[in-house]
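Before any comments, here is the structure.
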Amino acid sequence: MNDVLLQIRNLTVEFRVPRGILRAVDSAVLDIKRGEVLGLIGESGCGKSVLAHSILKIVAPNGYIKSGKILFEGRDVLSLSDEELRKYRWKEVAIIFQGAQNSLNPVINVKEHMLDTIKAHKPATTEEALVYSSSLLKSVWLEPSRVMKAYAFELSGGMKQRVITAMSMLLDPKLLILDEPTSSLDVLTQRYLLELLKDIHRQKNVSMLLITHDPGIAAYLADRGAIMLLGNIVEVGSVEQIFYNAKHPYTRALIDAVPSIVGNIKVKPIPGPLPDPVNPPPGCPFHPRCPYAMEVCKHVRPELIELENGRQVACHLSR
Amino acid sequence: MAFLLHFARKNVRVCVGIAIVLTFVLMALIGYFIPNIEGNVSEAYQGPSSRHLLGTDYAGRDILLQIVKGATDVLVISFLIALMTTSIGVIVGLTSGYVGGLIDSILTSIMNIILTIPSMPLLMVIASLIKMVPNPFVIAGILSSIGWAGQARAIRSQVLSIKEEEYIEAARILGLRKIEILFNEVLVALLPYIAMNFILSIISAIYSQVGMYYLGVLPFSSYNWGMMMNIARSHGNALWCPSTVMYLVGPMVCIVLLAQGFTMLLPLIDLLNPRLREE
Amino acid sequence: MNWVIRRFLFFILTLFVVITSTFFITSAMPGNIIDTYVSERIREGFSVEEAYRMAQALYAINMSEPLLVRYIKYLKNLLTGNLGTSYMYSGTPVFTILIYAVPWTVFISSISVVISFTLGIIQGLWAAYSRKSKISTLMTGTASFLMAVPNYVIATAFLLVFAYHLGIFPRGGAYDAWIRPGMNLEFVASALYHAVLPVMSYIVATYPGWLLLMRSNTIRVLGEDYVIAAEARGLPKSRITYTYVARNAIIPMITNLAISLGSIFGGATFIETIFTYPGIGMFLSQSVGAKDIPMMQGCFLLITVATITANFIVDLLYGKIDPRIRAIR
C-alpha cells in the first residue's frame, strides 16, 4: 500500500533490570499512514516512548531490541548499517523528546545547533544553512537575530521548545515523533504549542506520531489513535471511533477516567494497581482489572485482529 | 552472626579495609610494648632470613621490628591530627556558617588566606622554626595548625545549605531555641559528613606526617616510617644495597597499605547514614 | 566589576599577610634561630656583642634596632630584590640562587601538568565510553589504587627501580655536570634525559586523579538528554564525542586545572628533593635542613607569592571560558 509510511511488525524490546528482564514492548504491530497524525495513548510506563524511540533505533544502554521489524517505506530500519542509520535519522524521521528543554547542548548556541544538523546531512554552504534556519525560526514565531546567537540557559522553556520544534523540521522529515510534547509546560503554552503543531501539519503535511497519556490532546491533534497497555497495542481506530465507540474495555476505561469540564463530572478511575512489567500476568494484560474478564482471558493472549472500516482490537470479546 | 556474613559478602571492600586497619592498629599496640631496638653491627646489611624477616639495617637492627614500632608513631600522630583538625574545623565551620555576619566574614577570610598559601612549604617553614620536641602532641599540633582550614570551609558550606532546608525553618517556627536547633538538627545532619572528613584527614595526616619525616623536617625519632625512609635513603644505603632494600621499601608498602585500608573504609559511612540506606 | 575588585583586594591582603608573617616568624618570634645561634656562640666563648655581630653578618639582621625599623628595612629589601645571603652557599645572594632555580622548577612542573592533564582526559574519555569492558575496569581500579599512593612513595620507587637497580636514568641533578649550559644539543638532551624520572613521577602521581574525574564527568554527560538528541539528529560520531560530550565533561575540571597550574611553583617539593633536582622545592628542603634562614625565607616567599598570583590570574581568566560563569558574576 503506497499510503502506508511506517510498518511496525511484532516488535519486542526488553530491558535488563536488577529484578530481571523487563519487556517494555511486546510483539507490537502498528501502521502509520502518510500525512496522518496518529496518537499513541496509554498510561505511564506502558512502553509508548520505548516504541517510538525504536523507530529511530534509539534504545537505552541496558535495553535491546529482541525481535521484530520496523519497515520505513519498505526498508527495515533495524537492519540498516551505521552510516545508513545516521542518514535516515532526522532526514526521514525526526523526534521531539519529552521534556525537550534539555535537548540543547549547553555550550554551543542555537546557530551551531542548526549548522550541525544541516551539515550532517546536506552539503550546504554556511550561508544557505543560516538563511534556511532563520526562516524556520520565524515560522515558529521566534526572532532569528536574537535567538540564533543565544545559548540554552538564556532561553525560556517555551522558547527552547520552539527552537527544538523548528530544528525538527530542518530536513523536512516524512515522520515527526512527538513524545509528550506538552508535559512540562503550563496550560497556556501547551495550547500555543498544539496550535503550532497543527499549523506545521497543515503546511507540510508531515506524518506525526503523537505520544501522550492525555486522550484530550490526542483528540485535538490526531486523526487516528492507538491504545497501548503493558507493551501491547490493544486497540486502533479513528479518533471518533475510540472516543465514542471503543471496543476494548481498557480503552473505554481510559476515556471514562478523564474528567471533562462539561457534562458528566463523575470520574471513574481504573481500579487495581498497575501490573508488574517484569512479571506480567499471563493471557490478556488487562484481565486482572477488566470488568468483563472471562476464563479464556486469563490464559490466552488476544491477538490484534482487524475489524470492519480499518479498526483493530485485541480482545476476546470482539470475536 | 548470619547478618554479619551477609554484610561481609555484600561489602567486600569495606571488610578488607576494616581488616587492614585493624591489623595496623594491632601492630601499633604491639609496637608500643616493644623496648628500644638494639642492633648488633656485625649483623648489619643482612637480607631477609628466618631470624630477621625483613633483614637488618646499617646498624644491625631488625627492620620488621622497626616497622612495627613505627606503626605506633604513625597511627598515634595521625589520629591526633585528625582529631584536632576535625574538632577545630567543626567548631569554626559551624560557628561561621550558623552565626553568620561579621564573625563569618572574619573567619572565612582567615580560612581563605590559609588555603591560598601552599601548605607543604608553609608547614616546612613552621616546623623548622619552632623548637622541636619529639612529643606526639606537639608534632600533631604543628601539622594541624594549617589543616583545620580546609575542613572548616567544607563544614561551613554544608551548614549553609542545611540552614536553608525546610525542617530547620519548621523547628524555628515551633519555637525551638537557636542552640537547640544547632545541636539537635544541624549537627546531627552533619554527622555523616564529619565522619567522612575525619577518615579523610587521617589519610592526609599519614601522608603529610610521613612526608615531613622523610624530608627531615621533623625531629629525629627513628621509628616513624618516614624517618626510616629518610635514613634508608641517605645513610642506610638502601638504594645501593639490595639486601637491605626493605629498609626503604618496607615502610613504603606499609604507608600504601594503611592509606588504602582507610580509603576502603569510606563507604562504611554511607552505609551508616540513615538517609542513604536502601532497605 | 564588583567581583574583580573584591578578588583583587583579597589578593593584596593575602600577599601582605604572607610577607609580614614570614618576617615575624623568622626574626621576631621568641626562641627563634637568631637567638639560638647567638646563645650557641656565647657558649662557645664569644662575647654577647661579638655573637650578635656574627649573627647580623650572617643573617643580615640587626637585633638592636626596634621591630618596626627592622620591618621597614625588610620591606625595602624585598622591593629591591635583596633577599639576603645564603648560609649554605657561603656568600651567594639568595636572589641569584633563586634565579637559577626557578627555570628548572617551571620546566618540569609545566611539562608534567600538561602531559598529566592531557593523558588523563583522553584516557578518562576512553574509559567512560568503554566502561563495560574489562580493560576499562582494570584501568579504573589501577587509577583508584594509585590515587591513594603519596607522590613521594612513587618518586622513591621510580628512583629505586629505574635509577639504581636498572640504571637507565640518572640519579639526580638537572643535567650532567661536565656539560656547558647553553642552547646546544648536548645540554638540551642531557636536561631532557635528567627530567624524565621527575616528570614521570609527577605524572604517575597525578594523572589517575584526572582520569577518574574525566571518566565520571563523561559518564554523567553521556546520560544527558542533549547527547541522545544529538544522536537522534544523525550527527557524526566524532562531532558528538568532541563538541557534545568532551566539552561538557571538561568544563567542571577547569577549576581543578587552574589550581594545578597555580601550584606549579610549590607542588614539586618532594619530587625535586628526592631526585636532587635543583628547583625551588629542593633548595627549600635543603635550607630547612641546614637552618639557612635567608634561603628558606626567600624560597618560601617566592613559592607563596608565585602561587597566590597564579591563582589570582587564573581566577580572572576562568570567567572568560565558561559563558555561564560570566552571567552569574
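The values are calculated or read from the model by the stated rules, or taken from the named source; none is laboratory data. Please read all numbers here as calculations on a predicted model, not as lab measurements. Virtual Cβ from ideal backbone geometry, glycine too; neighbours counted across all protein chains shown. Ligands, DNA and RNA are stripped out before the accessible areas are found, and what is left, the full protein with its side chains, is counted by its heavy atoms. Shrake-Rupley method; radii C 1.70, N 1.55, O 1.52, S 1.80 Å.
Below are the figures for this structure:
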read-out	value
For segment A:1-80, radius of gyration divided by Kirkwood radius, i.e. Rg to Rh on alpha-carbons	0.98
Loop-located chymotrypsin sites (Phe, Trp or Tyr not before Pro) in segment B:217-267, at most 10 other Cβ atoms within 10 Å (DSSP)	B:W240
Residue with peak Gaussian network fluctuation, chain B [Cα springs, cutoff 10 Å], from B:D57, B:D73, B:D104	B:D104
Mean projected area in nm² (Cα convex hull; one quarter of hull surface) for the protein assembly as shown	52.3
Global form of segment B:1-145, assessed from the alpha-carbon gyration tensor, a/c cut-off 1.5	oblate
Axial C-alpha extent at least 20 Å, average Kyte-Doolittle at least 0.5 - helices from chain B (DSSP)	B:12-33, B:63-99, B:101-116, B:136-163, B:188-215, B:246-272
Average beta-carbon neighbours from other chains, 10 Å sphere, peptide C:153-160	5
Chain B shape via C-alpha gyration tensor axes, a/c threshold 1.5	oblate
Shielding score for C:287-296, defined as the mean number of other chain Cβ atoms within 10 Å	3
Rounded to 5, the percent of DSSP beta bridges in chain A classed as antiparallel	60
Debye, to nearest 20: dipole size of segment A:92-245, +1 on Lys, Arg Cβ, -1 on Asp, Glu Cβ	340
Segment A:196-313 - Rg (one decimal) and Dmax (whole number), Cα, Å	15.8, 50
When the convex hull of its Cα atoms is projected in every direction, mean area for segment A:112-163 (nm²)	3.5
Prolate/oblate/rounded label for segment C:152-226 (Cα gyration tensor, a/c 1.5)	oblate
Electrostatic dipole magnitude of the protein assembly as shown [Cβ: Lys, Arg +1; Asp, Glu -1; Cα centre; debye, to 20]	940
Principal axis box of chain C, alpha-carbon based, largest edge first, Å	87, 58, 38
Cα Rg, Dmax, segment C:101-220, angstrom units	16.8, 54
From the C-alpha gyration tensor of segment C:190-323, square roots of 5λ in Å	41, 18, 11
Cα-Cα pairs of chain A separated by more than 34 Å (percent)	25
Within segment A:107-204, trypsin sites (Lys or Arg not before Pro) in DSSP loop having at most 16 other beta-carbon neighbours inside 10 Å	A:K149
Pairs beyond 31 Å (Cα-Cα), from A:K48/A:K247; A:K160/A:K247; C:K134/C:K237; A:K87/A:K204; A:K111/A:K204	A:K160/A:K247
DSSP-loop GluC sites (Glu not before Pro) across segment A:103-167, with at most 11 other Cβ within 10 angstrom	none
Helix axis angle, C:67-79 relative to chain C longest principal axis, alpha carbon, degrees	50
Debye intensity ratio I(q)/I(0), log10, segment C:124-168, q values 0.15, 0.18, 0.25 Å⁻¹ (C-alpha model)	-0.55, -0.67, -0.79
Computed accessible area, B:C241, all protein chains, 1.4 angstrom probe, square angstrom	30
Positive-end extreme of charge dipole, chain A - chosen from A:L185, A:S133, A:F15 (charges on Cβ)	A:F15
Two-site FRET efficiency, A:V278 against C:Y318, from Cβ-Cβ distance with R₀ of 41 Å, rounded to 0.05	0.30
Net dipole in debye of chain A [+1 Lys, Arg Cβ; -1 Asp, Glu Cβ; about Cα centre; nearest 20]	220
Among C:Y202, C:F169, A:H113 the positive-end extreme of the charge dipole of the protein assembly as shown (Cβ point charges)	A:H113
